[in-house]
Structure formats: C-alpha cells, structure tokens
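So the structure is just underneath, and the comments pick up after that.
The values are calculated or read from the model by the stated rules, or taken from the named source; none is laboratory data. Since we're looking at a predicted model, the values are computed, not measured. Heads up, the Cβs are rebuilt from the backbone with ideal geometry, glycines too, and the neighbour counts pull from every protein chain shown.
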Amino acid sequence: MTVFDWPTTLVPKDITIRPPRHTLGLSTSLTDFTQAVPSIRPPFGLTMQFDALEGDDVLAYRAIHAALEGRANLVRIPLFDLWYAATAAQIMAGETPHTDGTSFSDGALYVTDDLVGVLVTAPQGGRVITADFGTYGPVLQAGCYFGLGDHPYIVTGITWAASVATIRCSPTLRRDYAAASLRLRPTMIGRLVDDDNGALTLQSLRYGMPSIEFQEAFDGPFS
C-alpha cells in the first residue's frame, strides 16, 4: 500500500466535506421503530467535483486515479477549505529555517505556507485541546477545519484567553500528540469509496468533469 499526494494543479470547483458522523443506520422497522447505532471510529468523507478538465489536467487526473488502483492505495488530499479566520497574508508572513535550524548560505529562510510554532500536546480520545497562537492572535473560530499531522478536525467551539485558545473539536483525537503542529490547511489520507469511483468520462474525446469521493483511511502511515 502506497500513499500518493494529490496533484497540486487539480483544484475542485465544488467540494463537500462530511465531518465524522457518530451514528450508523436509521432504517425503519415494520412497526416504524428506528434506531441509530453508534459508530466507534467515524471517518471524514470528501467529495470533489471538477469543472472541465482539459489538456495536462486530464492526464494528471488519469494518472492519480490509476495510481490508486481502486482501493488498494491511499492519497493525501488537502481539504481545499478557505474558511479559516487567518488571512493568507498572516500565514505567509513568517519565515522558517531548515529542520536543523540552519538557513540557506545567504541567510535566507523558507517562506511559510501555514502557522509556525503553534503546538498541541494532548492524549488520544480527548475532545478539548489548548494551543497558544502567540503573535498570530485569534485566527481560528468555530466551524473552521484544522489539522494535526495528517488528521483533520473541525472546531465545534472555541474560547480565547489572550493568545491561548481552548478548542473543542470533532472527532475525538485520533492519537496521542506531543508538540504536534496545528495547521490551518489540513490534509486527509483517504481511500476511494469503491474501486470504480471517480472514473473520468471524456466528452468529445477532449475534456471531462469528474466527481470523486474519498473516505478517511486509518490504516496508512501518518505524520
């Protein structure tokens, strides 16, 4: 099993992100009795619909779809969500060195594309975390998605005390986190919901408008 990265050129026109649903099934019996069954580890779901793909985008889509080999392999997908309270200018205003703390030979650093230094330490199964956002200030609000490693979460409630946020999230934490970086641009490791999902139909043999659906996977390598 291999984890591929979603091609950066393939940005959906429409996206549906389905946060974890904590119940399964609500069928009706002959006596009109219904019962919802709790889901032990509910996944995120993601559906992406594309405008007309042409040229190299057709090839990029066909390549990633074929690489997944149905449900055999996984893909790391950005959630493509723009509803974060921080502006792109705030996120990209910072600079960061190499992982060993050094800079380039001329003293230059990497320009950041997400928060830097906002860390979370919390146990698996927790629903409330705290994080100090420092000079970023209150850049997160209820309804925003965020990421810890390759696990996405949604903020269901948040309170601020100066720069420190107390965040209630869904789902409960997937794993133990020790100084994990909180990201405003989360990614999800997903798997196709069935082997034929996302097939591309070319109209006039030139362009296509595919729709593809993924479900969060729990059996892959995670950062």
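Could you tell me how many of the residues in the range 161-171 are surrounded by 15 or more Cβ atoms within 10 Å (Cβ to Cβ) and assigned to a loop (DSSP other than H, G, I, E, B)?
2
Out of curiosity, is Thr166 out of contact with any Lys or Arg (no Cβ under 9 Å at 6 or more places or on another chain) and polar (S, T, N, Q)?
Criteria met by Thr166.
Out of the residues in the range 184-223 meeting the condition of being under 14 Å from the mean Cα position of the chain (by Cα) and at pLDDT below 90, tell me which one is farthest from Leu74 (Cα to Cα).
Leu184
Please verify whether Val164 is touching an Asp or Glu at 6+ places or on another chain (Cβ under 6 Å), over 30 Å from Glu69 (Cβ atoms) and among the β-branched types (Val, Ile, Thr), treating the condition exactly as stated.
Spelling it out, Val164 is indeed touching an Asp or Glu at 6+ places or on another chain (Cβ under 6 Å), over 30 Å from Glu69 (Cβ atoms) and among the β-branched types (Val, Ile, Thr).
With the requirement that a residue be within 16 Å of the chain's Cα centre (by Cα) and on the phi > 0 side of the Ramachandran plot, what does the range 147-167 give you?
Gly149
Enumerate the pairs (first residue in the range 189-208 and under 30 Å from Gly149 (Cα atoms); second residue anywhere and at pLDDT below 90 and assigned to a loop (DSSP other than H, G, I, E, B)) with beta-carbon separation below 6 Å, excluding pairs fewer than 6 apart on the same chain, so at least 6 apart or on different chains.
Ile189/Gly220
Sort out which residues of the range 173-197 are touching a Pro at 6+ places or on another chain (Cβ under 6 Å) and assigned to a loop (DSSP other than H, G, I, E, B), and write them in order of number.
Asp176, Pro186
Report, ordered by the first and then the second residue, all pairs with beta carbons closer than 9 Å, sequence separation of six or more or different chains, a first member in the range 54-71 that is within 14 Å of Val11 (Cα to Cα), and a second member that is surrounded by fewer than 14 Cβ atoms within 10 Å (Cβ to Cβ) and among the basic types (Lys, Arg).
Glu54/Arg206; Val58/Arg206
Being within 16 Å of the chain's Cα centre (by Cα) and modelled with pLDDT of 95 or more is the requirement here; does Cys144 meet it?
Considered against the rule, which asks whether it is within 16 Å of the chain's Cα centre (by Cα) and modelled with pLDDT of 95 or more, Cys144 comes out as no.
Looking only at the range 140-160, decide whether some residue is surrounded by 15 or more Cβ atoms within 10 Å (Cβ to Cβ), more than 30 Å from Gly70 (Cβ to Cβ) and in contact with a Cys (Cβ under 6 Å, 6 or more places away or on another chain).
yes
Restricting the search to the range 140-161, which residues are free of Cβ contacts under 8 Å to residues at least 24 places away in the same chain and touching a Lys or Arg at 6+ places or on another chain (Cβ under 6 Å)?
Once the filter is applied, which keeps residues that are free of Cβ contacts under 8 Å to residues at least 24 places away in the same chain and touching a Lys or Arg at 6+ places or on another chain (Cβ under 6 Å), the range 140-161 yields Thr156, Gly157.
Would you confirm, using the coordinates I've provided, whether Thr16 is β-branched (Val, Ile, Thr), modelled with pLDDT of 60 or more and either crowded, with 17+ Cβ neighbours inside 10 Å or not in a loop (DSSP other than H, G, I, E, B) (or both)?
Yes; evaluated as a whole, the condition is true for this residue.
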